[in-house]
1. Report whether or not residue 235 is assigned by TED's automatic domain parsing to the domain that holds residue 92 and closer than 23 Å to residue 79 by Cα.
2. Tell me, which residue of region 7-51 that is over 16 Å from the mean Cα position of the chain (by Cα) and among the polar types (S, T, N, Q) is farthest from residue 283 (Cα to Cα)?
3. Could you list, in sequence order, the residues of region 199-250 that are under 15 Å from residue 106 (Cα atoms) and among the charged types (D, E, K, R)?
4. Conditions first: (1) surrounded by 19 or more Cβ atoms within 10 Å (Cβ to Cβ); (2) assigned to a helix (DSSP H, G or I). Residue 263 passes all but one, so which condition is the exception?
5. How many of the residues making up region 72-124 are of a type outside the set (Gly, Ala, Ser), crowded, with 24+ Cβ neighbours inside 10 Å and in contact with a Lys or Arg (Cβ under 9 Å, 6 or more places away or on another chain)?
6. Could you run through region 283-314 and say how many residues are over 20 Å from residue 139 (Cβ atoms) and either free of Cβ contacts under 8 Å to residues at least 40 places away in the same chain or part of a helix (DSSP H, G or I) (or both)?
7. From the list 151, 131, 142, 161, exactly one residue is in contact (Cβ under 8 Å) with a residue 40 or more places away in the chain and surrounded by fewer than 22 Cβ atoms within 10 Å (Cβ to Cβ). Which is it?
8. Could you tell me whether region 256-272 includes any residue that is more than 16 Å from the chain's Cα centre (by Cα), at positive phi and outside the structural domain of residue 217 (by TED's automatic domain parsing)?
Amino acid sequence: MTAYKTAILFPGQGSQEKGMGRNLAENDRQAMDIWKKAEKISGHPLREIFWDGNQEDMSKTNFLQPALTVVSLNLWFHFKDKLRVQAMAGHSLGEYCALCSSGVLGVEQTLKLVSMRGRLMSESGRDSDGAMAAVLKLEQSAVEELTEKIADQTGQTIIIANYNTPRQFVVSGHLSAVKALDALVKNSKGRLIMLPVSGAFHSPLMDEAADQLAGIMKKYDWRTPCCDIFFNSTAESEKDPEKIRRIMQKQMNSPVYFIQLINNIKKKGITRFIEIGPKGVLTRMVPQITGSAEDIIALSLSAPEDEDKLLTTIKEQG
């Protein structure tokens, strides 16, 4: 039997869904307390929005960031005693859950940072006329070439913000530049889908917001993680608390190198990826990155009832 080494993945914006985290919170006092703490810190009625609200409100980043963080952290606390973890990572917002789950930051610190991050990103989006779009069916080199061409033609900001899978990239920048890219993508037999976000996240248009959040980060005590954390902006692992803080200060305006990150985790001999959070978006992305490797296991834990699935996997694979 193969002794599988495990990496935990936490999802980011786009993984929200109505009712997320409700069942666990209504049956677990600690989980409900974290919801209440997040509502107090963020100043938003998060349970009302995500348990009984509408899709439009759920997609607003200032509401979404603290709420999704609560859901993923509560699931982590529910499952953590059953897991032996060698590495952690998160996709964009999910990186904060990795920091908290590995002991770098406390729950309250994490909730304060993601609440402020959500507010700053929302405000920056209103001020910058930014947008994001997914580009599908094209190779990385083609997307890079087309993006550079539009930047040269328009003189505006547009970059690849998310390297999600070998055939899925997200571009970010000024709205007119992102829209101009659509024609070039279609001519190259690709597909461009505008994303329902409020700004050009993970691009230079977030520089001012990133600087503001960096100032807040300096006030917190950053600790050594219990395992390797692989970071979006470097795709590498880091354990030094001061270096982690500096990496996170640039996360908001740096690309997410998720393809490279997953491949680097795999190089460490880790073959089991467990996503903790709703929807299982990252679980579907991992096999697209690693290919048809038979030893790679990608498992999604999105609700307490997934416990049997986890225990069966552990029993079968070690």
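1. no
2. 42
3. 218, 219, 221, 223, 245
4. Among (1) surrounded by 19 or more Cβ atoms within 10 Å (Cβ to Cβ); (2) assigned to a helix (DSSP H, G or I), residue 263 violates only (1).
5. Summing the residues that are of a type outside the set (Gly, Ala, Ser), crowded, with 24+ Cβ neighbours inside 10 Å and in contact with a Lys or Arg (Cβ under 9 Å, 6 or more places away or on another chain) in region 72-124 gives 5.
6. 18
7. On the way: 151 fails: in contact (Cβ under 8 Å) with a residue 40 or more places away in the chain; 131 fails: surrounded by fewer than 22 Cβ atoms within 10 Å (Cβ to Cβ); 161 fails: surrounded by fewer than 22 Cβ atoms within 10 Å (Cβ to Cβ).
The unique qualifying residue is 142.
8. Checked against the condition, which is being more than 16 Å from the chain's Cα centre (by Cα), at positive phi and outside the structural domain of residue 217 (by TED's automatic domain parsing), region 256-272 yields no hits at all.
The values are calculated or read from the model by the stated rules, or taken from the named source; none is laboratory data. Source: prediction; values computed, not measured. Cβ coordinates were reconstructed from backbone atoms using ideal geometry, including for glycine residues, and neighbour counts include every protein chain displayed.
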